[in-house]
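The values are calculated or read from the model by the stated rules, or taken from the named source; none is laboratory data. Please read all numbers here as calculations on a predicted model, not as lab measurements. So basically every Cβ, Gly included, is an ideal-geometry build from the backbone, and we count neighbours across all protein chains shown. Areas reflect the complete protein model, heavy atoms only, side chains present, ligands, DNA and RNA absent. Shrake-Rupley method; radii C 1.70, N 1.55, O 1.52, S 1.80 Å.
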Amino acid sequence: MVYIASWDEFAERSVQLFRADPHSSRYVMKYRHCDGKLVLKVTDNRECLKFKTDQAQDAKKMEKLTNIFFTLMVRGPDADISEASGKEQVEQVASKKGRGRRQ
Amino acid sequence: MVLLQPDPFLNELTSMFERSTEKGSVWVTLKRSSMKCKATRKKMETAGETIEYRCLVRATDGKKTISTSLSARDYQKFQASYATVLKAHMNALKKRERKDKKKTAEPEKKQASSKKKSEPFKKPAPPASKASQ
């Protein structure tokens, strides 16, 4: 069981793992209110990636990742995920700022 | 394994969270599935039919398991409601304690540093006054 310390690494690797084998990959979330702990697991029954936390800020990140997985699973592994559209929006905003400075 | 419609599934999931506050865990699993057995899938592939994939969501509290299946049309609505359910129940996680500690520590440090600065200013004043006298 590989526990990954960095959220960004966990998110990127889990999406890659899913895209490599969408049929056998699954995303599991375990929440224990009594311990205040959240554990996420993504596996394709060969490789397993896990992430555990007790921080409330990670719940928001988990929510975004869950949305990504929903989109990937329903629309297919090649679907444009919200992360990509989010990054594009950031790039557009940055380019607009650049144009403003040049003017 | 009880297969439900998305809305009853969310209601059951809510009651699962409520039952597991003092003891126990809630597991939620997301998986891509066509909801058809392997034989049917192979037949469809050989026949050239496109297989419609759905998102299977399962939830369990260790004793009871519920599930629902989402299609491309209704998954966004479920996604929003599911996020609301999670936010409402996952409140046992720790909030940003480090930042709060930094906030309480910074004003303390500022007070300590301002006190230290004020002391040396006071010290040279009396000898200067004594020298003038």
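Things worth noting here:
- Here the label points at B:A47 and A:E12, each 7 Å from Cα along the C-beta direction, are separated by 4.4 nm in the simple model.
- Residue order for B:R41, A:R13 - accessible surface, 1.4 angstrom probe, largest first: A:R13, B:R41
- When B:K23, B:K42 are compared by accessible area at a 1.4 angstrom probe, the order from most to least is B:K23, B:K42.
- FRET E, pair B:V2, B:K36, Förster distance 22 Å, beta-carbon r, rounded to 0.05: 0.70
- Taking all protein chains together and rolling a 1.4 Å probe, B:E18 ends up with roughly 110 Å² accessible.
- Neighbouring partner chain Cβ atoms per residue of B:31-40, average, 10 Å criterion: 3
- Put a dot 7 Å past the Cα of A:K37, heading toward its Cβ, do the same for B:S15, and the two dots end up 2.9 nm apart.
- Debye-sum result for the stretch A:2-75 in log10 I(q)/I(0), which assumes one identical scatterer on each alpha carbon, at q = 0.18, 0.23 Å⁻¹: -0.67, -1.06
- As a length-normalised measure over Cα pairs under 8 Å and 6 or more apart, the relative contact order of the stretch A:2-75 settles at 30 percent.
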